[in-house]
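Notes for the one structure printed next.
The values are calculated or read from the model by the stated rules, or taken from the named source; none is laboratory data. Every value quoted in this text rests on a predicted model; they were computed, and no experiment measured them. FYI the Cβ positions are ideal-geometry reconstructions off the backbone, even for glycines, and counts take in every protein chain you see.
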């Protein structure tokens, strides 16, 4: 196919705009991203702007129902082998570390109905349940023994997905009220690298399928009957354009 100077895809959002809490559309746009997740259309879920935060920030907000998820991301459209290296980066913080599950990364799931425990991934005790056939990213779960730590999860590549949480914890706890930068890089051969605050935490060859098309997800899910939040300063996605289509 003919090529042009538009060979790079860059999606970026700084969360100065707002997805209102009372927005009942099943999936809607927020900058270049979509807001989705099972339960996101309820009137107490959305991504409101946080007033007074310098440089802008949004609050990804769930309903008060267990296993309801609100996420910001994309539809499935990223292939490691055709578009790598793929880079995902987000600056996030949590108001507390209780009764919630957080995922940031790639998966093969449609954002309209995505939820974590039922369809994508779940952590409890020291076990990671890899429900989706293809995923790669960061997981934090209040139901894991190491409940404040980020875990570097993967499934679907040539390397078998790890289900023992102690083997893939980053030893870098989230702290309530403190910002962290999460970064995931995926190469054309399926090798993935996880960074937290600029420090490389894990490199895994064959972590990602080179043929599966995946989408981006930054989401939080309620694990009880309380509204859960995930604050985000920015979300960035970089990839090469596939000129073969």
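Could you list, in sequence order, all residues of segment 197-218 that are in contact (Cβ under 8 Å) with a residue 60 or more places away in the chain and assigned to a loop (DSSP other than H, G, I, E, B)?
To start, the set of residues in segment 197-218 that are in contact (Cβ under 8 Å) with a residue 60 or more places away in the chain comprises 207-218.
Selection gives 207, 208, 209, 210, 211, 212.
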Residue pairs qualifying under the 6 Å Cβ cut-off, at least six apart or on distinct chains, with the first in segment 1-25 being farther than 12 Å from residue 234 by Cβ and the second being in a strand (DSSP E or B) and modelled with pLDDT under 95, are none
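Which one is modelled with the lowest pLDDT among residues in segment 115-125 that are touching a strand residue (DSSP E or B) at 6+ places or on another chain (Cβ under 8 Å) and more than 24 Å from residue 200 (Cβ to Cβ)?
First, pick out the residues of segment 115-125 that are touching a strand residue (DSSP E or B) at 6+ places or on another chain (Cβ under 8 Å): 115-117, 120-125.
Keeping just the survivors that are more than 24 Å from residue 200 (Cβ to Cβ) gives 115-117, 120, 122, 124-125.
Details: 115: 94, 116: 98, 117: 97, 120: 98, 122: 98, 124: 98, 125: 98.
The extreme case among them is 115.
Just wondering, is there one or more residues in segment 23-40 that are more than 20 Å from the chain's Cα centre (by Cα) and under 16 Å from residue 231 (Cα atoms)? Reasoning before the result, please.
Narrowing segment 23-40 to residues more than 20 Å from the chain's Cα centre (by Cα): 23-25.
Checking the rest, the ones that are also under 16 Å from residue 231 (Cα atoms) come to none.
No - not one qualifying residue is present in segment 23-40.
Yes/no per residue for (1) at pLDDT below 95; (2) under 21 Å from residue 195 (Cα atoms); (3) touching a strand residue (DSSP E or B) at 6+ places or on another chain (Cβ under 7 Å); (4) assigned to a strand (DSSP E or B):
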site	(1), (2), (3), (4)
89	no, yes, yes, yes
106	no, yes, yes, yes
110	yes, no, no, no
113	yes, no, no, no
129	no, no, yes, yes
132	no, no, yes, no
If a residue must be out of contact with any helix residue (DSSP H, G or I) (no Cβ under 7 Å at 6 or more places or on another chain), in a strand (DSSP E or B) and under 20 Å from residue 68 (Cα atoms), how many such residues does segment 138-162 contain?
4
Give the residues of segment 194-208 that are closer than 25 Å to residue 36 by Cα and either surrounded by fewer than 19 Cβ atoms within 10 Å (Cβ to Cβ) or in contact with a helix residue (DSSP H, G or I) (Cβ under 7 Å, 6 or more places away or on another chain) (or both), sorted by residue number.
208
Name the residues in segment 167-187 that are more than 28 Å from residue 231 (Cβ to Cβ) and surrounded by fewer than 16 Cβ atoms within 10 Å (Cβ to Cβ), would you?
167
Among (1) touching a helix residue (DSSP H, G or I) at 6+ places or on another chain (Cβ under 8 Å); (2) buried (at least 19 other Cβ atoms within 10 Å of the Cβ); (3) closer than 29 Å to residue 18 by Cα - the single one residue 190 does not satisfy
(3)
